[in-house]
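Below are the C-alpha cells for one structure; questions will follow.
The values are calculated or read from the model by the stated rules, or taken from the named source; none is laboratory data. Computed from a predicted model, the values in this text were never measured in an experiment. Here the Cβ positions follow ideal geometry from the backbone for every residue, glycine too, while neighbour counts run over all protein chains shown.
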Amino acid sequence: MTRTGNRRFKKVTYQGITFDSTLEFERYVYLLSQQKVGMIRDLKVHTTHRLELDGRPLLIRSQGYPNGRRSTWTDDFSYEVREEDGTWSRIIEDTKGRDTYPERFKRGAFELLTGRQIRVVLSPTESPRST
C-alpha cells in the first residue's frame, strides 16, 4: 500500500487501485468484506458514466474544446444488494471526506440525466448535506 498526494486527503494505492482518500480506501475494504460474506455482489470501482440526455451527450465547451467535450461522472463504487423480495438492485456510491458544491452539482446532473440515485457516504466529521 502506498500513499501519495498533499493537502487534507492522501491518495492510497491498494492492489493496483488508487483511492482519492483513506476514507474511500477504508470503504473499499469494508465493501470487500461484505462481498466475501455474500451481503453484496458484483463490486465495481471507479466506473465512468457518460452524461447524456435522450442519447445526446452533455458537452462542456471551453477555449480548448470549442465544439465541446463529453461530460462524464465517475463513481467510487457500485455493487448489487439483495432486496427483501430476493431481487438484486445496483447501488452507486460516492465517498466524500468533504462534500463540495461542484461535487453535489455533478451528482445532481447524473441523477437527473440517468434517473438513478447516488448513495453518498460522508466522513464522520463531515456534516450531512442534501444533493
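Looking at this structure, is R107 under 16 Å from the mean Cα position of the chain (by Cα), exposed (fewer than 15 other Cβ atoms within 10 Å of the Cβ) and touching a residue at least 12 places away in the same chain (Cβ under 8 Å)?
no
Among what's in segment 50-104 and is among the small types (G, A, S) and in contact with a Ser or Thr (Cβ under 7 Å, 6 or more places away or on another chain), pick the residue that is surrounded by the fewest Cβ atoms within 10 Å (Cβ to Cβ). Walk me through it before giving the result.
Of all residues in segment 50-104, those among the small types (G, A, S) come to 55, 62, 64, 68, 71, 78, 86, 89, 97.
If we keep only those that are in contact with a Ser or Thr (Cβ under 7 Å, 6 or more places away or on another chain) too, we end up with 78, 97.
Details: S78: 19, G97: 16.
Within segment 50-104, the match that is surrounded by the fewest Cβ atoms within 10 Å (Cβ to Cβ) is G97.
Just one of the numbered conditions (1) touching a Pro at 6+ places or on another chain (Cβ under 9 Å); (2) under 22 Å from T13 (Cα atoms); (3) among the hydrophobic types (A, V, I, L, M, F, W, C) is not true of L51; which one?
Unmet for L51, out of (1) touching a Pro at 6+ places or on another chain (Cβ under 9 Å); (2) under 22 Å from T13 (Cα atoms); (3) among the hydrophobic types (A, V, I, L, M, F, W, C): (2).
Filter segment 97-112 down to residues that are small (G, A, S) and more than 12 Å from L58 (Cβ to Cβ) and give me whichever is modelled with the highest pLDDT. Even if it seems obvious, please write down each step before you answer.
Going residue by residue through segment 97-112, those that are small (G, A, S) are 97, 108-109.
Keeping just the survivors that are more than 12 Å from L58 (Cβ to Cβ) gives 97, 108.
Values: G97: 83, G108: 92.
My answer is G108.
Hey, can you tell me all the residues within segment 15-35 that are touching a residue at least 60 places away in the same chain (Cβ under 8 Å) and in a helix (DSSP H, G or I)?
L23, E24, R27
Mind telling me which of the residues R119, R56, R70 ends up being charged (D, E, K, R) and either within 17 Å of the chain's Cα centre (by Cα) or at pLDDT 95 or above (or both)?
R119
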